[in-house]
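Trainee: First the structure, then my questions, so here it is.
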Amino acid sequence: MPALTASQVLTKTVDVRPGEFILIHGAGGVTGGMLVAVASELGAQVIATASPGNAGRVQSYGATAVVDYHADNWRQDVRRIAGEGGVRIAVNAVGGAAPSLMALVANGGKLTTITSDGPATERGVGVVNFYVSPDGEALDRLAVDFVDRRLTLPIAAVHRLSEAGAALQMAVAGKARGAVVIDPTQ
Ligand SMILES: NC(=O)c1ccc[n+]([C@@H]2O[C@H](COP(=O)([O-])OP(=O)(O)OC[C@H]3O[C@@H](n4cnc5c(N)ncnc54)[C@H](OP(=O)(O)O)[C@@H]3O)[C@@H](O)[C@H]2O)c1
């Protein structure tokens, strides 16, 4: 689901142009990491926010720069890399953080959030609250691509299908520290 979310966000809500800077906020998380992987595959130069302990993994997904969001001046770092005007596209994967990203998006740019916290539009910035839709064929293609690229994810827990409800609760609570896997063969 994280990979499918990332793919749908970056193909259905924004038009990524090869070589341009885009901002992925929350790249240390599972979905944020997949957003980096898909955006870099589409040719974007990704500025990602994450904790230092996740910087190496986020770089392995193809990020051009990883900014530590704990630093007081992390927004200045983003501007220094992308240019004073900000990024044309920002994607938020951190609950409640989308409004704080608006100032980093260039006039007429796009801000997509997956955490239902899109702010009101301003300066012509298009704001989208996005929700993933099931698509097994697209997921198959993404899985093949990720295996080909030898991408890895931290796995927080593996559940049986009968435990799917508890697994979903764990993932939605945002405290899993890695992917929550349902293995129907167990
Ligand atoms: N709309 C949809 O269709 C859809 C689909 C999938 C997920 N979601 C939602 O998207 C959110 C993220 O999902 P996820 O699976 O990626 O969660 P996750 O793996 O639990 O992400 C947690 C990570 O977010 C990072 N983070 C926390 N606070 C941050 C902050 N203030 N600034 C920057 N990064 C911060 C941390 O990274 P560090 O460890 O690097 O600090 C943390 O490890 C959840 O709310 C989930 O419900 C929505």
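The values are calculated or read from the model by the stated rules, or taken from the named source; none is laboratory data. Predicted model only: the values in this text are computed from it and were never measured. Using ideal geometry, Cβ is built from the backbone for each residue, glycine included, and neighbour counts are taken over all protein chains shown.
Trainee: Here are the criteria: (1) crowded, with 18+ Cβ neighbours inside 10 Å; (2) in the same structural domain as F21 (by TED's automatic domain parsing). Tell me which single one R123 does not satisfy.
Mentor: (1)
Trainee: Would you say A138 is small (G, A, S), in a loop (DSSP other than H, G, I, E, B) and surrounded by fewer than 19 Cβ atoms within 10 Å (Cβ to Cβ)?
Mentor: Spelling it out, it is not the case that A138 is small (G, A, S), in a loop (DSSP other than H, G, I, E, B) and surrounded by fewer than 19 Cβ atoms within 10 Å (Cβ to Cβ).
Trainee: Right, another one. Just to be sure before I move on: is V180 within 11 Å of the ligand (Cβ to nearest atom) and either outside any helix (DSSP H, G or I) or among the β-branched types (V, I, T) (or both) in the structure I sent?
Mentor: yes
Trainee: Could you check P99 against (1) buried (at least 20 other Cβ atoms within 10 Å of the Cβ); (2) more than 12 Å from the ligand (Cβ to nearest atom); (3) on the phi < 0 side of the Ramachandran plot and say which number it fails?
Mentor: (1)
Quick grid of which residues meet (1) under 25 Å from L151 (Cα atoms); (2) of a type in the set (V, I, T); (3) modelled with pLDDT of 95 or more:
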| site | (1), (2), (3) |
| --- | --- |
| A50 | yes, no, yes |
| V67 | yes, yes, yes |
| R80 | no, no, yes |
| A90 | yes, no, yes |
| P99 | no, no, yes |
| G109 | no, no, yes |
| T113 | yes, yes, yes |
| V128 | no, yes, yes |
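Trainee: Would you check which residues across region 1-23 are in contact with a Lys or Arg (Cβ under 8 Å, 6 or more places away or on another chain) and either closer than 15 Å to T115 by Cα or near the ligand (Cβ under 8 Å from one of its atoms) (or both) and list them?
Mentor: Correct list: T13 only.
Trainee: Which one of V127, V158, V91, V144 is over 18 Å from the mean Cα position of the chain (by Cα) and assigned to a strand (DSSP E or B)?
Mentor: None of the other options fit; the residue is V158.
Trainee: Does region 64-79 include one or more residues that are under 14 Å from the mean Cα position of the chain (by Cα), closer than 20 Å to V128 by Cβ and either within 14 Å of the ligand (Cβ to nearest atom) or not polar (S, T, N, Q) (or both)?
Mentor: No, region 64-79 contains no residue that is under 14 Å from the mean Cα position of the chain (by Cα), closer than 20 Å to V128 by Cβ and either within 14 Å of the ligand (Cβ to nearest atom) or not polar (S, T, N, Q) (or both).
Trainee: Residue check, A143 against (1) closer than 25 Å to K175 by Cα; (2) in contact with a Ser or Thr (Cβ under 7 Å, 6 or more places away or on another chain); (3) more than 10 Å from the ligand (Cβ to nearest atom), all met but one. Which one?
Mentor: (2)
Trainee: A further question on this structure: Based on what the data block shows, is A167 on the phi < 0 side of the Ramachandran plot, within 14 Å of the ligand (Cβ to nearest atom) and over 18 Å from the mean Cα position of the chain (by Cα)?
Mentor: yes
Trainee: Of the residues that sit in region 54-65 and are among the small types (G, A, S) and in contact (Cβ under 8 Å) with a residue 24 or more places away in the chain, which one is surrounded by the most Cβ atoms within 10 Å (Cβ to Cβ)?
Mentor: Among them, the one singled out is A63.
Trainee: While we're here: Residues of region 24-47 being under 17 Å from T5 (Cβ atoms), more than 9 Å from the ligand (Cβ to nearest atom) and not in a helix (DSSP H, G or I), which ones?
Mentor: I24, L42, A44, V46
Trainee: Of these, L35, L23, which one is within 13 Å of the chain's Cα centre (by Cα), buried (at least 19 other Cβ atoms within 10 Å of the Cβ) and without any contact (Cβ under 8 Å) to a residue 60 or more places away in the chain?
Mentor: L35
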